[in-house]
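Visitor: Below: one structure in structure tokens.
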Amino acid sequence: VAIPCAAFAQVTVFGDSIARECFETTKSMTANPREGEKICTRALQLEAMNYTNRAATYTNRGILRMRAGNYDDALKDYGLAKQIKNDLGEIYLNEGATYIYVKDYSKALTTLDKAIELQSSDVHAAYYNRAIAKEKLQDIQGAYYDFLKALELQPDWKLAEWQVILCHVSDRRTYALA
């Protein structure tokens, strides 16, 4: 069974710096994640940053590591980001996405609840990811409502529309088999 792609959100870094270059690389879906990781690492090693930008840079490096399939190091980066600034919803959103990739759906659910509580800038993606985790944990109804909420927050999001249809069909099959 294929896992739907988890959604993620990079964290904006302001100013003209290596950390900003890290953000821009993370934002670009076509960038090589390993090259982007090197940029982020350089920023963390060489630049003086405020707490928010440092946490954002760890989060952005975590996203790039997640994209490269380096999930353990991605989770470490999110942990470091939370130690610096634990009220950034984007950290939890991306940590939840990583837990989905490693198939730890219970941890994903807990983490994504926190992303929603903190109102991540991409809260629609947190609802979408939480729906994936719920679906994998056999909570089809909960998944359906989270996919609907993601669609409400991000109208015309084709991926969420498709998942709503799939949940609806799956839910009918579940009732038909009962």
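Visitor: Given the conditions (1) touching a residue at least 24 places away in the same chain (Cβ under 8 Å); (2) open to solvent by less than 30 Å² (accessible area, probe 1.4 Å); (3) in a helix (DSSP H, G or I), report the number of the one that Ser120 does not fulfil.
Guide: (3)
Visitor: Okay, next question. Out of Ala81, Ala125, Ala150, Ala131, report the one residue that is touching a His at 6+ places or on another chain (Cβ under 9 Å), open to solvent by less than 60 Å² (accessible area, probe 1.4 Å) and either touching a residue at least 60 places away in the same chain (Cβ under 8 Å) or in a helix (DSSP H, G or I) (or both). Outline the logic, then answer.
Guide: Numbers: Ala81 fails: touching a His at 6+ places or on another chain (Cβ under 9 Å); Ala125 fails: touching a His at 6+ places or on another chain (Cβ under 9 Å); Ala131 fails: touching a His at 6+ places or on another chain (Cβ under 9 Å).
Matching residue, one of Ala81, Ala125, Ala150, Ala131: Ala150.
Visitor: A further question follows. I'd like to know if the stretch 96-114 contains one or more residues that are of a type outside the set (A, V, I, L, M) and more than 30 Å from Lys136 (Cα to Cα).
Guide: Scanning the stretch 96-114, I find no residue that is of a type outside the set (A, V, I, L, M) and more than 30 Å from Lys136 (Cα to Cα), so the answer is no.
Visitor: Exactly one of these conditions fails for Glu35: (1) in contact (Cβ under 8 Å) with a residue 12 or more places away in the chain; (2) open to solvent by 50 Å² or more (accessible area, probe 1.4 Å). Give me its number.
Guide: Result: Glu35 fails condition (1) only.
Visitor: When the residues of the stretch 85-137 are narrowed to those that are in contact with an Asp or Glu (Cβ under 9 Å, 6 or more places away or on another chain) and of a type in the set (Lys, Arg), which ends up nearest to Leu148 (Cα to Cα)?
Guide: If we take residues in the stretch 85-137 being in contact with an Asp or Glu (Cβ under 9 Å, 6 or more places away or on another chain) and of a type in the set (Lys, Arg), then Arg130 is nearest to Leu148 (Cα to Cα).
The values are calculated or read from the model by the stated rules, or taken from the named source; none is laboratory data. Everything numeric here is computed off the predicted structure, so don't read it as measured data. In this analysis, Cβ positions are derived from the backbone assuming ideal geometry, glycine residues included, and neighbour counts consider all displayed protein chains. Remember, those area values only see protein heavy atoms, side chains included, never the ligands or the DNA or RNA. Shrake-Rupley method; radii C 1.70, N 1.55, O 1.52, S 1.80 Å.
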